[in-house]
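Asks: The structure follows.
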Amino acid sequence: MAKEEDNQTPVSDKFSLDCVKNSDIKITHKFTLGDTSKQTFCVRFDPNDKYIAAGQGDGTIKIFNLLTGKQSYTLNSNMDEPMPITQIRWRPLAAPGVTKNVLISVNANGSLQHWHTTSGKLLHTIHDELNQLLTVDYKPDGTSFATGGSDCIVRVYDEQTRKLKVTLEGGGTGEPGHSNRVFALKFDKDDDNMLLSGGWDNNVKIWDIRMGAAVRSIYGPYICGDARVLEG
């Protein structure tokens, strides 16, 4: 049975951590990473569960060591016009190339950036000033990545060349595309030609990248942030 003293101090005073009586699962506080002086918009564990990256409202990305609980690296700390980091993805270990410890981030100002985390070096930027980028995901083998945002279009890029491969917006004789902001993307780990997306239009779209079209829509989910849109 959980005891009252098992409750630990939460990160923010606006939330509490309560233990459920007779539960087989016990959650305890391990680290408080960073502080509450700046808003955190997204977090992501690295593939080895050694680091966690946190995207913040001023455009910085803070990377913490989960073994020590200390901050190890800071990326994008000198943004001219600070805008929030809306999503982060670490490049999969299976990705081709010799450079490791790479992540991509998307920003509300329309930029996607590749970062080498241990050196702090910015490797590449793709910028669309007319679009707020809100989500990003890597193909499981790391050869491609996809973005979505306020213009309702899903774009798939080649990881090595950083060139646009396909634009997914629906229409024509097939399934329609999104009609509102896209907040979540997920490649199918069992069939990486399939990509799922969701957002404010209450529709989860299933795209076949080979066809460049949506093959199915699931009506209902209203998605306002990063979400697991594929399970099992």
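Asks: Please work out which residue is modelled with the lowest pLDDT, limiting yourself to the range 185-232 and to residues that are part of a loop (DSSP other than H, G, I, E, B) and of a type in the set (Lys, Arg).
Replies: 228
Asks: Restricting to the range 126-149, count the residues that are in contact with a Leu (Cβ under 7 Å, 6 or more places away or on another chain) and of a type in the set (S, T, N, Q).
Replies: The total comes to 2.
Asks: Given the criteria free of Cβ contacts under 8 Å to residues at least 40 places away in the same chain, of a type in the set (D, E, K, R) and more than 29 Å from residue 65 (Cβ to Cβ), does residue 188 qualify?
Replies: It is false that residue 188 is free of Cβ contacts under 8 Å to residues at least 40 places away in the same chain, of a type in the set (D, E, K, R) and more than 29 Å from residue 65 (Cβ to Cβ).
Asks: So, restricting to strands (runs of 3 or more DSSP E) that lie completely within the range 90-163, which ones have at least 1 residues that are without any contact (Cβ under 8 Å) to a residue 12 or more places away in the chain?
Replies: Passing ranges, in order: 121-127.
The values are calculated or read from the model by the stated rules, or taken from the named source; none is laboratory data. Since we're looking at a predicted model, the values are computed, not measured. We place every Cβ from the backbone using ideal geometry, glycine too, and count neighbours over all the protein chains shown.
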